[in-house]
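Every number in this text was worked out from the coordinates using simple rules, so none of it is lab data. Treat the numbers as computed from the prediction; the structure is a model and nothing was measured. We place every Cβ from the backbone using ideal geometry, glycine too, and count neighbours over all the protein chains shown.
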Amino acid sequence: MNIDSNTVALVTGGASGLGEATIRALVSAGSKAVIADLNAERGQGLADELGEGVVFAATNVADADQVRAAISAAQRLGDLRIAVSCAGIGPAAKVVGRDGSPHDLDLYRKVIEVNLIGTFNVLRLAAAAMAGNEPNDDGERGVVVNTASVAAFEGQIGQAAYSSSKGGVVGLTLPAARDLMKTGVRVLTIAPGTFDTPLLAGMPENVREALAAGIPFPRRLGQPSEYGALVRHIVENAYLNGEVIRLDGALRMPPR
């Protein structure tokens, strides 16, 4: 799919990290964009920086009405043809803690609600909106990109909730692509490894270096811009569909 000035991208978690990098990559390619995030200060600041054609929409991805409002904001800018889900949380907790207490069930529900249900909520509503677009020569009307994690495949100690939520996103990818084939909407998922996001920026340098040392090649943390570049390639490469792409420098996570 070609990206032009009438193309609009909706990016959840778009105010920082992988989402911000995706916004920047797509806007630099010529797209308009909606930054859908809970952080109004960062989101509005990014929208102001990028200027006309970029707006902020306060969005809880698990709230259907808020996602619908963000989609409406996108449609006021042009044709919503790109939706990228980067919003997510990842609290760590063991199934049974050191004190013998079981994993908090409400915490587990919250992780599933944001990471899996939120991703599906964006996918279903964005795809329904894209179904009304005029198709291009391939019959394509849009593309949805989800974010999983290498933890979907090699979850570490303390990642039971996070890994199962991301595993759900992986499992969602192919059937959603098959469901939407007649609609002309492609569905793909990126499974990032260890990236230099604001979450890691606050860690001590020795911890960051240890994380980088565990990556086969290149032996460094992933850059958010590399995630954004992959999103752009997915959008522009119409033959990619129904696939989960690991972006991890050949990393395979150890137990801890």
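Looking only at segment 25-76, count how many residues are among the β-branched types (Val, Ile, Thr) and under 21 Å from Glu226 (Cβ atoms).
The total comes to 2.
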For this session: Report, by residue number, each residue of segment 222-256 that is over 18 Å from the mean Cα position of the chain (by Cα) and either hydrophobic (A, V, I, L, M, F, W, C) or surrounded by 16 or more Cβ atoms within 10 Å (Cβ to Cβ) (or both).
Result: Ala238, Gly249, Ala250, Leu251, Met253
For this session: Determine if segment 143-161 includes at least one residue that is more than 20 Å from Val231 (Cβ to Cβ), buried (at least 20 other Cβ atoms within 10 Å of the Cβ) and not hydrophobic (A, V, I, L, M, F, W, C).
Result: yes
For this session: List every residue pair whose Cβ atoms sit under 7 Å apart, with the two residues 6 or more apart in sequence or on different chains, where the first one lies in segment 241-256 and is closer than 12 Å to Val145 by Cβ and the second, anywhere, is assigned to a loop (DSSP other than H, G, I, E, B) and among the small types (Gly, Ala, Ser).
Result: Val244/Ala148; Leu247/Gly193
For this session: Could you grab me the full set of residues in segment 157-197 that are closer than 22 Å to Arg219 by Cβ and either of a type in the set (S, T, N, Q) or assigned to a helix (DSSP H, G or I) (or both)?
Result: Thr194, Thr197
Problem set entry | Residue in segment 235-256 that is farthest from Asp179 (Cα to Cα), counting only those that are in a loop (DSSP other than H, G, I, E, B), out of contact with any Asp or Glu (no Cβ under 9 Å at 6 or more places or on another chain) and charged (D, E, K, R) | Arg256
